[in-house]
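Everything below concerns the one structure shown next.
The values are calculated or read from the model by the stated rules, or taken from the named source; none is laboratory data. Since this is a predicted model, take the numbers as computed values, not measurements. When we count neighbours, we look across all protein chains shown, and the Cβ atoms used for this are built from the backbone with ideal geometry, even at glycine. Note: areas computed on protein heavy atoms with side chains; ligands, DNA, RNA excluded. Shrake-Rupley method; radii C 1.70, N 1.55, O 1.52, S 1.80 Å.
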Amino acid sequence: MRYRFRRVDHREAVLIRGPEGWGEFSPFPDYTPQVTARWLAAALEAACSPLPTPVRNQIPINATVPVVAPEIAAALVKESGARTAKVKVADPGSSLEEDEDRLDAVSDALGPGGKIRIDVNATWTLDEAIHALSKLSRFDFEYVEQPVATISEMIELRKRTGVRLAADELVRLSPDPVRAVEMGACDVVVMKVQPLGGVARVLNLAARVGLPVVISSALETSVGMYSGLLAASLLEHLPYACGLGTVSLLEGDSTPDPLVPFDGYVDVRRVEPDPVQLKRWAPDRERSKEMLRKLRSAAELLT
């Protein structure tokens with residue numbers, strides 16, 4: 001990673017070649033097989049199942065801003081060309097004042113008409129969320145992603161602040177991903193293809209929730225990113241920019257022509273891994289063994 005992203009400073013992926021192309025299995029290291037099985041299902045869908053033809057050729061994206069210094073935050077926004085920025089806040093060890101400085105830099109970089117959304121990753125308590133959103137209200141957030149952890153807190157926060165809320169963890173990690181919507185806990189739903197089990201499942205879930213959907217990445221390489229871009233291209237309505245510009249946060253990729261933003265958009269195109277790039281970024285033998293062990297553990301739950 002070019003910059004640490006919450007607890008992540010590098011990414012690992014197993015690329016799978018099948019009869020229909022390439023898929024990617026890249027769960028985060030601490031995930032259990034019960035969770036990573038969905039990630040493998042998404043990889044196998046891409047590699048082995050015929051995928052629909054994209055409806056859109058380009059997807060509008062938000063700049064994704066980790067917890068970095070204000071000058072780096074501004075540079076990331078300008079580099080993306082996006083008119084919307086998603087800013088990570090409430091990182092352990094950082095203060096609300098530091099978050100505010102980063103948001104100021106992002107706002108200046110976007111200029112007039114730019115839109116800001118923040119992602120809290122369910123870190124705040126209800127009281128902390130009310131205080132923080134009051135203090136940061138001048139930024140007029142497009143929406144706030146998962147500020148608190150539970151459905152009841154999300155419902156109460158919507159009532160007490162009137163701020164538009166987006167659900168991520170409440171959908172992605174729930175055995176009943178529609179429940180948060182049915183309970184009135186959110187205005188927007190964030191969906192990620194690998195964690196939810198593939199393009200088909202995301203599109204099915206999007207049709208069921210009846211709310212605006214934002215397709216976001218799980219910090220994939222360009223191979224895995226295609227599935228997110230494809231899902232976004234197939235949504236009937238795309239009122240919000242998607243969080244699919246994160247390949248630019250990686251130091252390297254499996255292809256010399258990565259799916260990175262240009263003028264705020266990413267092309268919907270499938271890439272082929274390049275042998276030179278694969279060799280350059282290959283892990284050592286022991287790490288490869290561990291990654292394949294995780295893949296096998298996930299596969300046992302799919303059979």
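Only residues that are open to solvent by less than 50 Å² (accessible area, probe 1.4 Å), out of contact with any Pro (no Cβ under 7 Å at 6 or more places or on another chain) and either at pLDDT below 95 or in a helix (DSSP H, G or I) (or both): list them for the range 36-55, please. Steps first, please.
Just the residues of the range 36-55 that are open to solvent by less than 50 Å² (accessible area, probe 1.4 Å), to begin with: 36-37, 39-43, 45-47, 49, 51, 54.
Cutting the leftovers down to out of contact with any Pro (no Cβ under 7 Å at 6 or more places or on another chain) gives us 37, 40-43, 45-47, 49, 51, 54.
Ala37, Leu40, Ala41, Ala42, Ala43, Glu45, Ala46, Ala47, listed by residue number.
Filter the range 116-129 down to residues that are of a type outside the set (S, T, N, Q) and touching a residue at least 40 places away in the same chain (Cβ under 8 Å) and give me whichever is most open to solvent (accessible area, probe 1.4 Å). Spell out the reasoning first.
Initial filter on the range 116-129 (of a type outside the set (S, T, N, Q)): 116-120, 122, 124, 126-129.
Subset that is touching a residue at least 40 places away in the same chain (Cβ under 8 Å): 117, 119, 122.
Values: Arg117: 1, Asp119: 0, Ala122: 30 Å².
It comes out as Ala122.
Could you count how many residues in the range 250-283 are more than 25 Å from Val35 (Cα to Cα) and open to solvent by 30 Å² or more (accessible area, probe 1.4 Å)? Write out each step before concluding.
Applying the first criterion (more than 25 Å from Val35 (Cα to Cα)) to the range 250-283 yields 251-252, 255-281.
Going one step further and asking which of them are open to solvent by 30 Å² or more (accessible area, probe 1.4 Å), we end up with 251, 256-258, 260, 262-263, 265, 267, 269-270, 272, 274-281.
Qualifying residue count, the range 250-283: 20.
Residue under question is Val247, and the condition is that it be over 17 Å from Ala167 (Cα atoms), part of a helix (DSSP H, G or I) and open to solvent by less than 10 Å² (accessible area, probe 1.4 Å); does it hold?
Values: over 17 Å from Ala167 (Cα atoms): yes; part of a helix (DSSP H, G or I): yes; open to solvent by less than 10 Å² (accessible area, probe 1.4 Å): yes.
It is true that Val247 is over 17 Å from Ala167 (Cα atoms), part of a helix (DSSP H, G or I) and open to solvent by less than 10 Å² (accessible area, probe 1.4 Å).
Test Gly113 against the stated conditions and say whether it is surrounded by fewer than 15 Cβ atoms within 10 Å (Cβ to Cβ), at pLDDT 95 or above and either closer than 26 Å to Glu128 by Cα or out of contact with any helix residue (DSSP H, G or I) (no Cβ under 9 Å at 6 or more places or on another chain) (or both). Reasoning before the result, please.
Working: surrounded by fewer than 15 Cβ atoms within 10 Å (Cβ to Cβ): yes; at pLDDT 95 or above: yes; either closer than 26 Å to Glu128 by Cα or out of contact with any helix residue (DSSP H, G or I) (no Cβ under 9 Å at 6 or more places or on another chain) (or both): yes.
It is true that Gly113 is surrounded by fewer than 15 Cβ atoms within 10 Å (Cβ to Cβ), at pLDDT 95 or above and either closer than 26 Å to Glu128 by Cα or out of contact with any helix residue (DSSP H, G or I) (no Cβ under 9 Å at 6 or more places or on another chain) (or both).
Give the residue, chosen from Glu290, Glu272, that is in a loop (DSSP other than H, G, I, E, B) and either free of Cβ contacts under 8 Å to residues at least 40 places away in the same chain or closer than 26 Å to Ala232 by Cβ (or both). Don't jump to the end; show me each part of the working.
Numbers: Glu290 fails: in a loop (DSSP other than H, G, I, E, B).
One residue alone meets the criteria, Glu272.
I'm checking my understanding of the structure. Among residues of the range 210-235 that are assigned to a loop (DSSP other than H, G, I, E, B) and farther than 25 Å from Gln277 by Cβ, which one is modelled with the lowest pLDDT?
Looking at the filtered set, the residue picked out is Gly210.
Only one residue in Ala167, Ala105, Ala90, Ala132 is open to solvent by less than 30 Å² (accessible area, probe 1.4 Å), in contact (Cβ under 8 Å) with a residue 12 or more places away in the chain and touching a Ser or Thr at 6+ places or on another chain (Cβ under 8 Å), so which one is that? Walk me through how you get there before you give the answer.
Values: Ala167 fails: touching a Ser or Thr at 6+ places or on another chain (Cβ under 8 Å); Ala105 fails: touching a Ser or Thr at 6+ places or on another chain (Cβ under 8 Å); Ala132 fails: touching a Ser or Thr at 6+ places or on another chain (Cβ under 8 Å).
Step by step, each of Ala167, Ala105, Ala90, Ala132 is checked, and only Ala90 is open to solvent by less than 30 Å² (accessible area, probe 1.4 Å), in contact (Cβ under 8 Å) with a residue 12 or more places away in the chain and touching a Ser or Thr at 6+ places or on another chain (Cβ under 8 Å).
Does the range 194-209 contain any residue that is surrounded by 24 or more Cβ atoms within 10 Å (Cβ to Cβ) and outside any helix (DSSP H, G or I)?
Yes, because at least one residue in the range 194-209 is surrounded by 24 or more Cβ atoms within 10 Å (Cβ to Cβ) and outside any helix (DSSP H, G or I).
What's the number of the condition Ile72 fails, among (1) open to solvent by 30 Å² or more (accessible area, probe 1.4 Å); (2) at negative phi; (3) in contact (Cβ under 8 Å) with a residue 60 or more places away in the chain; (4) within 17 Å of the chain's Cα centre (by Cα)?
If we test Ile72 against (1) open to solvent by 30 Å² or more (accessible area, probe 1.4 Å); (2) at negative phi; (3) in contact (Cβ under 8 Å) with a residue 60 or more places away in the chain; (4) within 17 Å of the chain's Cα centre (by Cα), just (4) comes out false.
Can you confirm whether Lys78 is modelled with pLDDT of 95 or more, surrounded by fewer than 17 Cβ atoms within 10 Å (Cβ to Cβ) and under 20 Å from the mean Cα position of the chain (by Cα)? Walk me through how you get there before you give the answer.
On the way: modelled with pLDDT of 95 or more: yes; surrounded by fewer than 17 Cβ atoms within 10 Å (Cβ to Cβ): yes; under 20 Å from the mean Cα position of the chain (by Cα): yes.
For Lys78, the condition - modelled with pLDDT of 95 or more, surrounded by fewer than 17 Cβ atoms within 10 Å (Cβ to Cβ) and under 20 Å from the mean Cα position of the chain (by Cα) - is met.
Specify the residue that is surrounded by the most Cβ atoms within 10 Å (Cβ to Cβ); the eligible residues are those in the range 174-190 that are touching a residue at least 24 places away in the same chain (Cβ under 8 Å) and within 14 Å of Arg201 (Cβ to Cβ). Before you say what the answer is, go through the steps one by one.
Pass one, the range 174-190, residues touching a residue at least 24 places away in the same chain (Cβ under 8 Å): 177-181, 183-190.
Checking which are within 14 Å of Arg201 (Cβ to Cβ) leaves us with 177-178, 189.
On the way: Pro177: 19, Val178: 14, Val189: 25.
Per the criteria, the residue is Val189.
Here are the criteria: (1) within 17 Å of the chain's Cα centre (by Cα); (2) open to solvent by 40 Å² or more (accessible area, probe 1.4 Å); (3) at pLDDT 95 or above. Tell me which single one Ala13 does not satisfy.
(2)
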